[in-house]
Amino acid sequence: MPAGDTDCLFCRIVDGDVPADVVRESERTLAFRDINPQAPVHVLVVSREHHASAGELAAADPHTAAEVLREAAAVAGAEGADAGYRIVFNTGAAAGQSVPHVHAHVLGGRSLGWPPG
Ligand code: 5GP
Ligand code: ZN
């Protein structure tokens, strides 16, 4: 499904209808800062097209799934998260997914505990 789903917050950000602090763009992805950062570096990388989850994106469009990962790594590099960073795809309500449009959280800039909460 293309972006433009007016019920989807991240489609609206991709379409420019909701403002965001964009840090990086590629043909098929957009990266912007999380509005409620959990680490000094906290950027979301989304597909421009609407897919509900990482698994659904990978099944429907593996090329874009790879681009999301590549862009996530590029964001970490550009943000100076050299000591280490984490890419997280919360999937489903029990895992805390609150926006049903695939997004990679790129977290870094501090030491990150394991296991996550
Ligand atoms: P989830 O909980 O689905 O894994 O992640 C959704 C993320 O989107 C949350 O970390 C939340 O802070 C972020 N978020 C929610 N609304 C907005 C918004 O309007 N703008 C931005 N930039 N981030 C948002
Ligand atoms: Zn969407």
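The values are calculated or read from the model by the stated rules, or taken from the named source; none is laboratory data. Quantities reported herein were computed from a predicted structural model and do not represent experimental measurements. Glycine also receives a Cβ, built like all others from the backbone with ideal geometry; neighbour counts cover every protein chain displayed. Only protein heavy atoms, including side chains, enter the accessible area calculation; ligands, DNA and RNA are left aside. Shrake-Rupley method; radii C 1.70, N 1.55, O 1.52, S 1.80 Å.
For the range 4-49, name all the residues that are within 14 Å of ligand 2 (Cβ to nearest atom) and in contact with a Phe, Trp or Tyr (Cβ under 8 Å, 6 or more places away or on another chain).
Within the range 4-49, ILE13, ALA20, LEU44, VAL46 qualify.
Suppose we filter GLY117, GLY109 for residues that are under 16 Å from GLN38 (Cα atoms) and at pLDDT below 95; which single one remains?
GLY117
For VAL23, work out the one condition from (1) closer than 27 Å to PRO115 by Cα; (2) within 14 Å of ligand 1 (Cβ to nearest atom) it doesn't fulfil.
(1)
Does GLU79 satisfy the criteria of being of a type outside the set (Phe, Trp, Tyr) and in contact with a Ser or Thr (Cβ under 7 Å, 6 or more places away or on another chain)?
no
Here is a list of conditions, (1) closer than 20 Å to LEU9 by Cβ; (2) away from ligand 2 (no atom under 16 Å from the Cβ); (3) surrounded by 19 or more Cβ atoms within 10 Å (Cβ to Cβ), and ALA93 meets all of them except one; can you say which number that is?
Looking at each condition in turn, ALA93 falls short on (3).
Any residue that is away from ligand 2 (no atom under 15 Å from the Cβ), open to solvent by 60 Å² or more (accessible area, probe 1.4 Å), of a type in the set (D, E, K, R) and in a loop (DSSP other than H, G, I, E, B) - is there at least one of those in the range 106-116?
Checked against the condition, which is being away from ligand 2 (no atom under 15 Å from the Cβ), open to solvent by 60 Å² or more (accessible area, probe 1.4 Å), of a type in the set (D, E, K, R) and in a loop (DSSP other than H, G, I, E, B), the range 106-116 yields at least one hit.
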